[in-house]
Amino acid sequence: MSLNAGAAMRVVIDAGHGGHDRGADNGLVYEKHLAFDVARRVEAILKAQGVKTVMTRERDVFIPLSKRADISNSYRDAVFVSVHFNSASSRSATGLETFYYGTNKDSHALARLVQSALLYKTRKTDRGVKYRQLYVLSHNKRPAILVECGFLSTSSELRNCLDPRYRQKIAEGIAMGVIRFGRGGKVR
Ligand SMILES: [Zn+2]
């Protein structure tokens, strides 16, 4: 992959939750820590490709959702990616899903590119690209998605999520999709 793969964009990487907001918590691990780890990996991959990045949090600290959207909106060239892990009352839920919201066609294109790269990298179940009014998406003026990287509530998938090699694949998938988007691989 060449340098300046996404010279025209700045990727705002949003590690979900943080501080007192642990996110999904199964007693073994908190979502906020796994999301931050994946976010850092995405940052490293993108930087190595010459893509500009911003992290909405640099450590384990609480950042309000409004602040996360504000950070994205403060950059004209922002592409916003929020990283989360899933939880469900059903202990057998598996797979990956990517959310987008609004009439911004670019958000839908970004979601499709990232979801397909994630499935390619991980071979996980496709839960689909979904339209949902989530705060960080609905208050975002830039192309914006939220990725759910696996279920901490399902034991087989939890094992994956705890494995750094799986988290690296997730990060590679997110980065691949975002770079394709930045190159104009927009699905219209
Ligand atoms: Zn979450």
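Bear in mind that the values in this text are calculations on the coordinates, not laboratory data. These numbers were taken from a predicted model, which means no experiment stands behind them. Counting neighbours? That spans all protein chains shown, and the Cβs are built from the backbone with ideal geometry, glycine included.
Proximity of backbone amide H atoms, modeled 1.01 Å from N, is registered between VAL79 and ARG10, VAL11, VAL12 at under 5 Å, excluding neighbours fewer than 5 places apart on the same chain. Springs between Cα atoms under 10 Å define the GNM used for the chain, and in it the highest mean-square fluctuation of GLU172, GLU157, GLU58 occurs at GLU58. Once a ≥ b ≥ c are taken as the square roots of the eigenvalues of the Cα gyration tensor of the range 135-184, is the result rounded (a/c under 1.5), prolate (a/b larger than b/c) or oblate (a/b not larger than b/c)? It comes out oblate by the Cα gyration axes.
Amide hydrogen proximity for PHE151: with H placed 1.01 Å from N in the peptide plane, the residues at 5 or more positions away or on another chain lying under 5 Å are ASN86, GLY95. Mind running the shape call on the range 1-76? Use the C-alpha gyration tensor, a ≥ b ≥ c as the square roots of the eigenvalues: rounded below 1.5 for a/c, prolate if a/b tops b/c, oblate otherwise. Taking the square roots of the gyration eigenvalues as a ≥ b ≥ c, the range 1-76 is oblate. Taking the average, over residues, of other Cβ atoms within 10 Å as the packing measure, peptides 27-34, 14-21 rank 14-21, 27-34 from highest down. Measure nothing fancy, just the Cα-based angle from helix 105-122's long axis to the longest principal axis of the chain, in degrees from 0 to 90, nearest 10. With rounding to tens, the tilt is 50 degrees. If a spin label sat at a point 7 angstrom from the Cα of ASP21 along the line to its beta carbon, the backbone N atoms of the range 48-66 nearer than 19 Å would be those of 54-66. What the phi angles of the range 150-162 give under the Karplus curve with 6.51, -1.76 and 1.60, with θ = phi - 60°, is a coupling list of x, 9, 6, 8, 10, 4, 5, 6, 4, 4, 4, 4, 7 Hz, glycine and proline written as x. Computed from point charges on the beta carbon alone (+1 for Lys and Arg, -1 for Asp and Glu), the dipole magnitude for the range 10-182 about its Cα centre is near 360 Debye.
Ordered by the number of other Cβ atoms lying within 10 Å of each residue's own Cβ, fewest first, CYS149, CYS161 fall into the sequence CYS161, CYS149.
Centre-to-centre, using Cα atoms only, the range 122-172 and the range 30-68 are separated by 14 Å. Under 1.5 on a/c is rounded, so check that first for the range 10-182, then, if it is not, pick prolate when a/b is larger than b/c and oblate when it is not; a ≥ b ≥ c are the square roots of the alpha carbon gyration tensor eigenvalues. The shape class here is rounded. Comparing ASP37, ASP163, ASP60 in a Gaussian network model of the chain where C-alpha atoms under 10 Å apart are linked, the largest mean-square fluctuation is found at ASP163.
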